[in-house]
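The values are calculated or read from the model by the stated rules, or taken from the named source; none is laboratory data. Predicted model only: the values in this text are computed from it and were never measured. Cβ placement follows ideal geometry from the backbone for every residue including glycine, while neighbour counts extend to all protein chains displayed. Areas reflect the complete protein model, heavy atoms only, side chains present, ligands, DNA and RNA absent. Shrake-Rupley method; radii C 1.70, N 1.55, O 1.52, S 1.80 Å.
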Amino acid sequence: MAWIVSRYTCLIAVLGCFACAVPKSDPWIVEANRATGDGDIRILLLHDMEGLSGQTNPLTFRYGTKEYAQGQERLIADVNAVVAGLFDGGADVVDIADAHGSGNPQPDLLLDRLDPRARHIMLDHPFNPYTEFARPGAYDGVAVVGMHAKSGSGGFAAHTWSIGIRIHVGDRSLTEAELVALSFGDVGIPLIFASGDDRLARDIAHLDWVEYVTTKHSNNAWSARALPLDGVERDLRQSAAEAVRNRLQAKVIKLDWPVDAKIEAVSPSDLSFLNVLQGVGYQDGGISFDAENPDDFFDHTTKIIGLANIGLNRHAVQATQQLSPLEQAMVNQGFRVSDVLWLNAESGILRKAAPTTRQQNYGGAQ
Ligand SMILES: [Zn+2]
């Protein structure tokens, strides 16, 4: 009997290996929107701050710089144009949440100038904008405004979630717009509208149901060429209206869990200091893991990016001691050292640090 049990247990274990899902190289599922269209039309608008119209200077999305006020001007203009379009298209409710995280204790959005029909959501706790509002039936569609392209894309201020981070799922690397689409898609809510630069347009062209408005053409991570504002604002409004009208034809994307995921750190972010820790799984610039479900994916991703930021801060501290004349000039203009390193790296500008003149002291245990 014991033999039979062990044989069956063994057989079940073997069958289980076939039955249980193995991560696939291309785990994307594209489904029809199952919403019925009954009831109020509720839209969530998430805004970032790097893909705005009329914006060509990275200082405009950094809270604490004098140029940040210009970024706020462009943000309220783009958001109000999209809000107007969403209501034109038939929306009954438009909620707005911040997906930028500038560090400003007040909203980036100038609320006294926000279209009064929209509601800006403030929470009393830090939140992840990709997951916090993704609840079944909470919305009929999501619109993302002022988005940027992914790390390595050559887009203006290109990054994914954090500077110097590339997020891979299966064979693909993701943009933040796709993180939104996947998180909300997992609960049946489609991404219906996006705005950002021409590089993001290319990054997410495969989401061909998304109404997309190109706000500017990127030269590189440092700079962009703005498009005429009146034309962009008209496009934002018209496309947002179309997005609501066509929401039932929009597709929902999800992942076929579990998935192979990898968080890669590129300059100035860094995970290589984990190389010495066995069992952590650091390889080829990043950490790979099997994600069982969205919570697992976002939980691992948050933690690994936190580690990559330790590496980033270490590089920024080291660089501060040996800035090249050009880097020093950018810091004098108001850029953070980490931003100079990031925007140079994303623009393909190799670092030529000034040689350090400091004496190296013994820094070990006494
Ligand atoms: Zn962003």
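General remarks:
- Summarising the amide proton neighbourhood of GLN283: residues at separation of 5 or more, or on other chains, whose placed amide H is nearer than 5 Å comprise SER288.
- Only alpha carbons enter this Debye calculation for the range 166-301, each as an equal point scatterer, and the log10 of I(q)/I(0) it gives at q = 0.10, 0.16, 0.17, 0.19 Å⁻¹ is -0.44, -0.94, -1.01, -1.12.
- Solvent-accessible surface of the chain, averaged per residue with a 1.4 angstrom probe and all protein chains in place: 47 square angstrom.
- Efficiency of FRET between TYR63 and HIS120 - r from beta-carbon atoms, R0 22 angstrom, step 0.05: 0.85
- In this structure MET49 has an accessible area near 0 Å², from a 1.4 Å probe over the protein heavy atoms.
- Note that the range 239-247 has calculated 3J(HN,Hα) couplings of 5, 5, 5, 4, 4, 6, 4, 9, 4 Hz, one per residue in order, obtained from phi through the Karplus relation 6.51 cos²θ - 1.76 cosθ + 1.60 (θ = phi - 60°); glycine and proline are x.
- Rounded to whole Hz, the Karplus (6.51, -1.76, 1.60) HN-Hα couplings of the range 142-157, x for glycine and proline: 10, 10, 10, 10, x, 7, 10, 7, 7, 3, x, 8, x, x, 4, 6
- Label reach from ARG225 (point 7 Å along Cα→C-beta): in the range 44-76, amide nitrogens under 15 Å belong to 54-56.
- Fraction of C-alpha pairs exceeding 29 angstrom in the range 34-253: 17 percent, rounded to a whole number.
- Solution diffusion estimate, µm²/s, Stokes-Einstein, the range 220-281, Kirkwood Rh from C-alpha pairs, 37 °C, viscosity 0.692 mPa s: 189 µm²/s
- Convex hull volume of the range 254-346 per residue (C-alpha atoms, cubic angstrom): 116 Å³
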